[in-house]
Amino acid sequence: MAIPIPSRQLFINGDWAEPLLKKRIPIINPTTEEIIGDIPAATAEDVDVAVQAARSALTRNKGKDWAFASGAVRAKYLRAIAAKIKERKPVLAKLETVDCGKPLSESEADMDDVVGCFEYYADLAEGLDAKQKAPISLPMKTFKSYVIKEPIGVVALIVPWNYPLLMATWKVAPALAAGCAAILKPSELASATCLELGEVCREVDLPAGVLNILPGLGPEAGASLASHPHVDKISFTGSTVTAVKIMTAAAQRVKPVTLELGGKGPIVVFEDVDIDKAVEWTIFGCFYTNGQICSATSRLIVHESIAAEFLDRLVKWSENIKISDPLEEGCKLGPIVSRGQYEKVMNFISNAKSEGATILYGGNRPKHLKKGFFVEPTIITDVTTSMQIWREEVFGPVLCVKTFTTEEEAIELANDTQ
């Protein structure tokens, strides 16, 4: 059954606005490789408009509408957003799945977390009221000292495509709870649910300009946000390469930056474990969300005395992972998000082979799926610490394996990462 894709514009100043240069980006379903819709593509011109809207939202009515409203007022809006998301969960979960390829069960869990996150920060927003003007005792009675918590201002929130709405919420909810005005830049590879957040904000009458949503390409929208003189803080989740550019741009204005970047996480398995449980956690740690997680435990470091048995059971588990259209019931592994990412993952596997590693399991497109950006869960052994597969983040369902003898060796291997 086709999932309808809403046709949206940019969300600026509380309403939909066509991009000034009228650019749009196709949405490609990673399961079918077909174009199923499109999203607006913001450029520097749209960023200027959104930043102005955000600044106006902070100063309107001398800040009483938002920035200096009570935390309880802001909490009311956050709870209203949470309630609307909860109401729309079935539609939003399917939209997330066709947009980014993660199994529907995972998208449904993400929507529950989105609701929980808005509710959590609503509670914290209310809690701010009691903390305002907290007195600090000083040794001199001539002076009085208080702590006043104020929003930092206009914040740029740049998020990736692996948890599109959930990662957006991790940034949007605290920013709004604190009284900031935000500009959200979702990934051009998965913006559909983030745009629906704009419609939710319209329905709950969130004050205009408090949240603006600008999908678009990194060099056109993201770079303009990072370097904009009237953006007060940047929060970015994504690649280290992009983070360097953002930090460089922010440094020109001594602008605070929060970064959550890539990883090459280890899972260390000692000889005294419950092997079946450890195998299950290893599979979960590396293959959940199609392996596209910055905290994925993509390096297995296993004690040499149990390695053969552990790998044997790991292969058996992998053989039972259902790889299918992510909308199908029971799907555990869907497609990689895009053709570019699919090719990058396959190149990692190919390079590992050419460097002398062994593909113990997987490494190919599943035979029963002729279309879509699918990669089998892949286990790579005979790895050395100088190989690309050990050193660089794959961001796909690929696990590399090394054995160890002593605890000291295990810790050294675990820490052997940039």
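The values are calculated or read from the model by the stated rules, or taken from the named source; none is laboratory data. Bear in mind the structure is a predicted one, so any value in this text is a computation, not a measurement. Cβ placement follows ideal geometry from the backbone for every residue including glycine, while neighbour counts extend to all protein chains displayed. Heads up: the accessible areas ignore ligands, DNA and RNA and are worked out on the full protein's heavy atoms, side chains in. Shrake-Rupley method; radii C 1.70, N 1.55, O 1.52, S 1.80 Å.
Quick notes on this one:
- Averaged over its residues, the chain has an accessible area of 45 Å² per residue, based on protein heavy atoms and a 1.4 Å probe.
- Mean-square fluctuations from a GNM of the chain, with a 10 angstrom spring cutoff on Cα atoms, peak among ILE36, ILE148, ILE293 at ILE148.
- The chain: most fluctuating residue of LYS86, LYS64, LYS402 per GNM, C-alpha cutoff 10 Å: LYS64
- Based on C-alpha pairs under 8 angstrom that are at least 6 apart in sequence, the stretch 266-415 has a relative contact order of 28 percent.
- Between the stretch 291-315 and the stretch 367-418, the alpha-carbon center distance in angstrom: 8
- Converting phi to 3J(HN,Hα) with the Karplus coefficients 6.51, -1.76 and 1.60 and the offset θ = phi - 60°, the stretch 246-256 yields 5, 5, 5, 5, 5, 4, 4, 10, 6, 9, x Hz in sequence order, with x at every glycine or proline.
- Chain lengthening between VAL273 and THR240 when straightened (0.36 nm per residue, less Cα-Cα): 8.4 nm
- Taking amide H atoms as placed 1.01 Å from N in the peptide plane, the amide H of ILE380 lies under 5 Å from those of LEU360, LEU399, CYS400, VAL401, each 5 or more residues away in sequence or on another chain.
- Distance between the C-alpha centres of the stretch 106-121 and the stretch 324-354: 26 Å, rounded to the whole angstrom.
- Degrees, to the nearest 10: 71-87 long Cα axis against longest axis of the chain: 50
- For the stretch 277-418, carbon and sulfur atoms together expose 49% of the accessible surface, with a 1.4 angstrom probe and every protein chain in place.
- The stretch 138-227: relative contact order in percent, alpha carbon pairs under 8 Å with at least 6 residues between: 28
- Accessible carbon and sulfur surface of the stretch 157-222 relative to its total accessible area, %, 1.4 Å: 58
- Averaging the sequence gap over all C-alpha pairs within less than 8 Å and six or more residues apart, then dividing by the number of residues, gives the chain a relative contact order of 17 percent.
- Among TYR121, ASN61, ALA42 the positive-end extreme of the charge dipole of the stretch 1-152 (Cβ point charges): ASN61
- Projected label points at VAL204 and ILE136, each 7 Å from Cα along the beta carbon direction, are separated by 3.3 nanometres.
- Span from the the stretch 14-47 Cα centroid across to the the stretch 248-267 one, whole angstrom: 26
- Expected 222 nm ellipticity per residue - DSSP helices of 4 or more, -39500 (n - 2.57), all of the chain, to 500: -13000 deg cm²/dmol
- Here the stretch 268-302 is scanned for amide nitrogen atoms under 19 Å from the site 7 Å beyond the Cα of THR385 along Cα-to-Cβ, giving 268-270, 298-302.
- Hz values of 3J(HN,Hα) by residue in the stretch 281-294 - Karplus curve (6.51, -1.76, 1.60), Gly and Pro given as x: 5, 5, 4, 4, x, 9, 10, 5, 6, 6, x, 9, 9, 5
- Estimated at the nearest 10 Å², the accessible area of LEU128 is 40 Å² with a 1.4 Å probe.
- Label-point separation, ASP15 to LYS316 (7 Å along Cα→Cβ), nm: 6.4
- With respect to the chain, whose longest principal axis is taken over its alpha-carbon atoms, helix 44-59 is tilted by about 50°.
- Most simply put, the chain has about 35% antiparallel DSSP beta bridges, counting only bridges with both residues inside it.
- Gaussian network model of the chain, springs between alpha carbon atoms under 10 Å - residue of VAL273, VAL210, VAL345 with greatest fluctuation: VAL273
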